[in-house]
1. Between LYS275 and GLU46, how many nm apart are label points set 7 Å from Cα along the C-beta direction?
2. Which order do peptides 277-286, 262-271, 315-324 fall in by mean Cβ count within 10 Å, highest first?
3. Using a cut-off of 16 Å between alpha-carbon atoms, which aspartates and glutamates can reach LYS275, once sequence neighbours fewer than 8 places away in the same chain are excluded?
4. Report the gain in length on full extension from LYS308 to THR149: 0.36 nm times residue separation, minus Cα-Cα distance, nm rounded to one decimal.
5. As a quick test, which of the pairs LYS147/LYS282; LYS100/LYS282; LYS200/LYS317; LYS200/LYS320; LYS126/LYS289; LYS92/LYS147 have an alpha carbon distance above 23 angstrom in this structure?
6. To the nearest 0.05, what FRET efficiency results for SER117 and ASN182 with a Förster distance of 45 Å applied to their C-beta separation?
7. Ignoring ligands, DNA and RNA, what percent of the 1.4 Å accessible area of the range 30-94 is carbon and sulfur?
8. Starting from 0.36 nm per residue, how many nanometres of slack lie between ASP204 and VAL76 once their C-alpha separation is accounted for?
Amino acid sequence: SMGNLIKVLTRDIDNNGGNFFLDFENAQPSQSETEVWEKVNQVLMEARVILDDLQAYRGAGEEIRQAIQSPGVEGVQEKAWSAVVPLVAKLKTFYEFSQKLESSLQCLLDVLTSSSSTPTQHLEQKQALARQFAHILHFTLRFDELKMTNPAIQNDFSYYRRTISRMRINNLSANAGNEVNNELANRMSLFYASATPMLKTLSDATSKFVSDNPDLPIENTTDCLSTMASVCKVMLETEYRSRFASEETVLFCLRVMVGVIILYDHVHPAGAFVKTSNIDMKGCIRVLKEQPPSSVEGLLNALRYTTKHLNDETTSKQIKNMLQPN
């Protein structure tokens, strides 16, 4: 845990000597934050369960292999089917959760980007909501890291779809466990086809938030994101880091930093990688590269494959080289 409040020197975005605390650990909601906080808190509680379920997701690889090898053997087919049905029910829950996450993100953006204060003031005065925003990003990157390293997910789902369509052709009632209708199955397929499905959901949601609020200056959103990225980077690369009681906190900060960079890159017209970007990308990538490779490979991949502007001509060769897979 993060040892009470950590003072963070953000880049002086609002020219008000940007020293402020971002308490990712203990910030409690004030009266005005409570309503949004409670709503988002429900979703964050479910997020923990989702991560546990995804971490425990083993897949039906063996049963499916047997079924494909012995197409005529009824018992083997049934065994594979009954192994896959409950797994698909889980995948459906994960997918439906992505939509709850999307609406939580939009609730938080509403509050954290309103024109009543500067981005730094928002983050400083609404620490509890900033902390929830951080937790959403942390969940998102953790989910995607686990999904990326679990090929069973797409394997199970495509077996399920093949079997369902075979049942349709043979007019067998596929009702057993067919709570996923065709339209939902198509949406789930698109979701799981993405290397980082939750990040894609959040990036799309953030872009949609910006286009749905044309009267809100886009800087309100991008400055909120870049301030958060700076806060994380500074916490990771300065003496503050030695105050982190646990390695988990370091990972938490790293995931939040990468998450906001990706959202910024999708929302800012020029993206996160241009020289004029409010995010010190070289510094952020350097911080990532200083960690044990096993703990950041997923995060580097997220920057490589989920950002929008990395391969633009405006991105310096140096940044492109830093992100080359080894």
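1. In this crude spin-label approximation the distance works out to 4.7 nm.
2. Details: 277-286: 19.3, 262-271: 22.1, 315-324: 13.5.
Peptide ranking by packing, descending: 262-271, 277-286, 315-324.
3. Within the straight-line cut-off, LYS275 pairs with ASP223, ASP265, ASP312, GLU313.
4. Values: separation 159, 0.36 × 159 = 57.24 nm, distance 2.22 nm.
Length gained, LYS308 through THR149: 55.0 nm.
5. Working: LYS147/LYS282 27 Å; LYS100/LYS282 33 Å; LYS200/LYS317 26 Å; LYS200/LYS320 21 Å; LYS126/LYS289 31 Å; LYS92/LYS147 14 Å.
Violating the 23 Å limit, Cα to Cα: LYS147/LYS282; LYS100/LYS282; LYS200/LYS317; LYS126/LYS289.
6. Values: r = 47 Å, r/R0 = 1.04.
So, using R0 = 45 Å, E works out to roughly 0.45.
7. On the way: 2020 of 3830 Å².
Its accessible area is 53 percent carbon and sulfur atoms.
8. Taking 0.36 nm per residue and subtracting the Cα distance, the gain is 41.9 nm.
The values are calculated or read from the model by the stated rules, or taken from the named source; none is laboratory data. The model shown is predicted, which means the values in this text are computed figures rather than measured ones. Ideal geometry is used to build each Cβ from the backbone, glycine not excepted, and the neighbour counts take in all protein chains shown. In case anyone asks, the SASA skips ligands and DNA or RNA and just uses the protein heavy atoms, side chains included. Shrake-Rupley method; radii C 1.70, N 1.55, O 1.52, S 1.80 Å.
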